[in-house]
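This report concerns only the one structure given below.
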Amino acid sequence: MADEQDKKPLKKKSNHDPGRRRFLKGVGIAGAGAALVDHLTLSTDAKTESATADTGAKPVTRNVNIILDVNGQKRTVSVEPRTTLLNALRNNLDKPLTGPKLVCDMGTCGACTVLMDGKPVYSCLVLAVDAVGKKLTTVEGLGTPESMNSVQAAFVEHDALMCGFCTPGFVTTISAYLKKNPNPTLEEVREACKGNFCRCGTYPRVFEAALAAAKKS
Amino acid sequence: MQQQQAPPKKKKKIKVPKVINGVETMVEVEVDDEGGPVWGPNGKHAILNHRLTRVDAPLKVSGAAEYTYDKNPPGLLYGRVVRSPYAHARVIRIDTSAAQRIAGVKAIVGATNEDVVEGSNRAADVAEKKDNMDLGSAKAPQKKERIVRFAGEPVVAVAAITPEIADDAVRAIKIEYEVLPHVVRAEDAIKEGAPKVYPDGNLEPKEKRGDAAKVEASFKEADVIFEAEYRTPILHHSCLETHGNLVDYRGGDSATVYASTQGTFTIPGDAAKELGLKESAVTAVVEHMGGGFGSKFGIGIEGKFACQLSKQAKAPVKLMLTRKDEFLLAGNRSGSWQKFKAGVTRDGKVIALLATQYQLGGLGDGSQAGQPYIYTVPNFYRERISIHTNEDASRAMRAPGHPQASFGIESLMDELSYKVGIDPVEFRKKNLKDEVYHRQLDRGAREIGWERRNKTPGGGSNPLKRGMGCAIGTWGGGGGPQCKVEVGIARDGSVSVAVGTQDLGTGTRTYTRAIVAEELGLQINDVVEHIGNSKLGAANASGGSTTTASLAPAVKDAAVNARLSIAEKLSPLLGGAKPEEISFSQGRVAGGGKTLTWKQACAALPSAGITAHGEWKSNLQSRGVHGVCFAEVEVDVETGHTRAIKMVHVQDIGLPLNRLAIESQINGGMIQSLGMALFEGRVMDAALGLQLNPGFGDYKIPGSFEIPELVPLIDDEDKREAVIGVGEPSIIPAVGAVVNAVFNACGVRVRELPITPDKILMGLSDRRTV
Ligand code: FES
Ligand code: FES
């Protein structure tokens with residue numbers, strides 16, 4: 001995945017767990033505290049049993065209010081314990097964000113990348129309740145159409161986008177990476193982008209843009 | 001706009017592509033036979049044919065561009081589909097009672113037998129599909145029959161207040177099936193007694209061409225006769241924005257549909273039918289769109305469901321497919337299985353070719369360009385046949401049928417060239433009539449450094465072996481007369497251009513603005529474009545690379561009319577200069593020895609400003625492009641791993657509207673084609689009839705590590721002063737170029753894609769034991 005690699009060589013283990021269910025159970029419960037265990041158990045049970053047994057009419061949801069620190073603003077949002085950070089940002093915020101995209105919902109594409117305390121994470125693999133107390137930055141927080149950051153401006157200049165659906169993910173990943181490594185080589189940029197997919201095939205120009213942005217800043 | 005009085009126009013008949021579901025057929029239309037506006041020489045433009053950054057890029061890089069997926073009106077419900085887990089089955093009973101009791105579930109609808117997934121329909125079945133089945137509580141009497149014919153076929157859809165609850169509802173719906181025999185492999189489907197996918201069987205002849213007896217006879221004159229089979233698997237479009245729509249219908253007599261589509265105007269009719277409204281009462285909106293590649297025409301079964309759910313719930317419903325849905329039911333590029341027998345003379349002329357071309361499109365027909373494709377072979381006979389399997393129906397995918405055909409014939413040509421010992425480039429030239437290919441081959445060879453190439457495939461002792469290959473493609477890319485464009489100029493100097501077309505990431509917004517800006521002597525940012533709305537002027541769907549050749553001429557025509565119209569109004573201020581003689585450039589309007597700034601000029605317009613219209617002009621566009629790709633690869637003969645080092649694509653295109661965007665598109669074509677060569681392919685479990693890799697974790701698309709140095713070259717020797725669409729050609733030849741480069745590198749000819757390391761290692765060991 002896109003985080004964690006820095007100047008280290010390629011071998012470094014990524015810290016995301018591709019098995020989403022294990023992720024939800026394990027990290028979710030550990031991170032969210034005891035009050036949430038019941039809800040999680042409830043929803044997990046419903047998941048596994050509903051295929052075979054009639055689980056009855058119970059709603060499987062109970063919302064909790066949490067405060068997320070998004071792009072410098074504290075925002076109260078009502079989520080289910082199982083709601084991913086991505087869905088919370090896109091669906092549950094009272095003014096929803098549109099930058100992070102849902103493409104695979106399982107940590108393979110990087111379109112949902114946001115920064116958590118400055119580090120890129122796949123927000124589809126993070127529970128919203130686990131993002132409490134963290135500083136979250138989405139692509140909207142990096143720059144606006146009127147005032148783009150250097151990576152965004154370089155993307156425009158170098159035509160590093162076509163349909164643009166993958167673009168917020170790439171911009172976010174690269175913006176964070178250049179903070180850690182302001183002077184990367186092409187190979188390091190490739191490495192930084194290895195957790196992001198683009199189907200239109202913008203890679204060569206994404207690399208160009210990243211290198212150009214590094215030069216400028 | 002000011003109508004000029006003109007004598008009745010002379011008409012002529014021409015053939016233009018009409019694209020249905022992304023696939024072109026040629027139809028005859030009548031157009032004006034007159035000069036009309038011209039583009040002028042390709043080298044003489046102030047804005048066009050330059051490197052223009054995208055006008056929508058700032059929105060996209062900052063997350064502010066709203067795609068269908070991003071629309072989020074108050075009261076929105078989230079839709080999900082329930083898919084069949086069986087490749088072939090009869091639905092016996094659907095129990096939605098548990099799902100209905102989940103708080104937050106607002107609507108549940110079931111597919112009738114008419115709601116078949118696009119392309120998976122056959123005349124023979126229509127009769128049996130007439131009846132709907134009832135659904136709902138377990139008690140509802142079970143009257144009608146519903147058959148699913150591929151694993152993943154949607155049966156039920158739900159809408160709920162959150163996507164999480166919609167998922168709960170999906171899990172709570174119980175469907176009982178009677179499982180029927182299925183077949184998912186082409187080899188199995190043609191066996192005697194194979195389960196029938198359609199009542200009339202699994203084979204469907206599509207085309208026969210040529211004289212088989214003559215071909216057989218001419219094999220006698222050949223010095224070498226060679227037979228081979230080539231296969232490609234089913235591929236996935238893998239658009240990052242999945243298929244889907246947001247249907248906003250809260251009762252009443254109008255509705256809005258936000259659609260992730262390649263055809264804004266394909267939506268209202270489909271939705272109106274589902275909602276019981278007039279077509280004109282439905283507005284389709286497509287502001288930004290996250291990739292289509294041929295798979296997104298019409299509203300689709302997911303859109304029908306969204307309509308039904310919205311109607312039932314009286315609330316906006318957004319039903320975007322999940323990634324897994326997308327793999328299982330959103331169409332595919334058909335696989336191919338081509339059998340060749342070729343006869344070639346010692347001096348490198350292919351004189352006879354027999355080709356059997358199977359199109360593997362699941363429930364759909366699939367597609368394949370007919371062989372010998374671009375080559376001139378004096379005696380050939382081909383048969384194209386669809387083989388049906390229990391898989392979702394193929395759809396158009398970027399140059400439907402061409403990469404498969406190009407891979408087949410280009411592999412064959414390459415093999416033949418080595419058989420007779422002639423350089424592969426020279427060999428191709430001997431069998432290509434069209435000089436443009438010769439020119440492009442020379443340019444590509446120069447660019448990649450063809451003379452450096454490995455003279456003996458697999459030679460040398462270094463385990464990292466480099467090799468080069470080339471291949472060729474062709475495409476149409478002409479336009480047709482659907483577009484209606486309006487240009488408006490206000491007294492404050494603002495300029496707008498409006499047409500209902502869509503921008504798939506191809507740069508439509510940008511060149512639409514650019515054409516108007518250039519005509520009026522303004523900067524690109526002085527113009528605002530309004531697109532992506534079916535209430536704006538008509539436009540064609542984006543298939544067959546027809547968008548630009550259809551739209552750009554109409555935009556030009558509207559811009560010219562706007563210019564003449566202003567000029568006429570300004571003539572008195574400019575010493576009575578004739579409208580055609582008033583010049584518009586660099587933000588100034590000049591004539592009769594006087595000059596006005598754009599603002600001054602517009603201030604003199606009537607209070608309503610000016611509105612001008614434009615239509616398609618056949619002389620502003622053309623069709624027919626070539627395209628050559630060269631690839632250099634490195635094969636590690638110890639691991640079997642192949643890495644692309646460099647790829648060069650040479651593309652003619654007539655007048656390039658925006659060089660930057662065109663190069664990006666050529667890069668994208670090469671990359672997708674590289675994916676086809678090395679990584680991509682649907683994997684089916686024959687016994688279970690299930691896809692084993694319906695996700696990006698297992699279906700590998702090219703990522704940052706796999707991207708070679710890419711050289712997209714616009715062939716400026718093409719002097720046509722006409723616009724031609726070029727979205728598709730760049731995906732065609734690269735696959736063959738890579739495959740041929742792999743052979744040149746390591747001596748292993750892989751005839752079944754993708755070229756995975758196991759195939760290389762297997763090939764190497766066979767070679768060693770021979
Ligand atoms: S949506 Fe999160 S990684 Fe793909
Ligand atoms: S620009 Fe379309 S997916 Fe990257």
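Meeting the requirement of 3 or more residues that are open to solvent by 10 Å² or more (accessible area, probe 1.4 Å), the strands (runs of 3 or more DSSP E) wholly within the stretch B:471-554 are B:484-489, B:527-530.
Selection over the stretch A:179-208 of residues that are more than 10 Å from ligand 2 (Cβ to nearest atom), open to solvent by less than 20 Å² (accessible area, probe 1.4 Å) and among the hydrophobic types (A, V, I, L, M, F, W, C) gives a count of 4.
Count of the stretch A:117-136 residues, restricted to those that are within 16 Å of ligand 1 (Cβ to nearest atom) and open to solvent by 30 Å² or more (accessible area, probe 1.4 Å), is 1.
For the stretch B:27-58, taking the residues that are within 14 Å of chain A (Cβ to nearest Cβ) and touching a residue at least 24 places away in the same chain (Cβ under 8 Å), the one that is surrounded by the most Cβ atoms within 10 Å (Cβ to Cβ) is identified as B:ARG54.
Please go through the stretch A:107-126 and give me each residue that is on the phi > 0 side of the Ramachandran plot and either within 16 Å of ligand 2 (Cβ to nearest atom) or within 8 Å of the chain's Cα centre (by Cα) (or both), ordered by number.
Step one: list which residues in the stretch A:107-126 are on the phi > 0 side of the Ramachandran plot, which gives A:107, A:110, A:117-118.
Scanning the stretch A:107-126 gives a single hit, A:GLY110.
No other residue among B:ALA603, B:ALA590, B:ALA608, B:ALA577 is over 30 Å from B:ALA539 (Cβ atoms), surrounded by fewer than 15 Cβ atoms within 10 Å (Cβ to Cβ) and not basic (Lys, Arg) apart from B:ALA603. The criterion of being more than 10 Å from chain B (Cβ to nearest Cβ), away from ligand 2 (no atom under 16 Å from the Cβ) and at pLDDT below 50 holds for A:GLY28.
When restricted to residues that are open to solvent by 20 Å² or more (accessible area, probe 1.4 Å), at the interface with another protein chain (Cβ under 10 Å from one of its Cβ atoms) and more than 16 Å from A:GLY164 (Cα to Cα), the stretch A:98-116 contains 3.
If you check B:GLU728, B:GLU680, B:GLU663, which single one turns out to be within 14 Å of chain A (Cβ to nearest Cβ), at pLDDT below 95 and crowded, with 20+ Cβ neighbours inside 10 Å? Can you show your working first?
Values: B:GLU680 fails: at pLDDT below 95; B:GLU663 fails: at pLDDT below 95.
Going through B:GLU728, B:GLU680, B:GLU663 in turn, the sole match is B:GLU728.
Give me a count of the residues in the stretch A:93-116 that are more than 16 Å from ligand 1 (Cβ to nearest atom) and aliphatic (A, V, I, L, M). Looking only at that region, the number is 1. Evaluated against (1) farther than 28 Å from B:VAL560 by Cβ; (2) under 25 Å from the mean Cα position of the chain (by Cα), B:GLN665 falls short on exactly one condition, (1). Across the stretch A:137-174, the qualifying residues are those that are at the interface with another protein chain (Cβ under 7 Å from one of its Cβ atoms) and open to solvent by 20 Å² or more (accessible area, probe 1.4 Å), and the one among them that is farthest from ligand 2 (Cβ to nearest atom) is A:THR144.
Among the residues of the stretch B:640-647, none qualifies, meaning not one is open to solvent by 30 Å² or more (accessible area, probe 1.4 Å), within 14 Å of chain A (Cβ to nearest Cβ) and assigned to a loop (DSSP other than H, G, I, E, B).
With within 12 Å of another protein chain (Cβ to nearest Cβ), farther than 22 Å from B:THR322 by Cα, at pLDDT 95 or above and surrounded by fewer than 22 Cβ atoms within 10 Å (Cβ to Cβ) as the only criterion, which of B:GLU721, B:GLU706 stands out? Talk me through it step by step, then tell me what you get.
Numbers: B:GLU721 fails: within 12 Å of another protein chain (Cβ to nearest Cβ).
It is B:GLU706.
The values are calculated or read from the model by the stated rules, or taken from the named source; none is laboratory data. The model shown is predicted, which means the values in this text are computed figures rather than measured ones. Cβ sites come from the backbone with ideal geometry, for glycine too, and all protein chains shown count toward neighbours. Areas reflect the complete protein model, heavy atoms only, side chains present, ligands, DNA and RNA absent. Shrake-Rupley method; radii C 1.70, N 1.55, O 1.52, S 1.80 Å.
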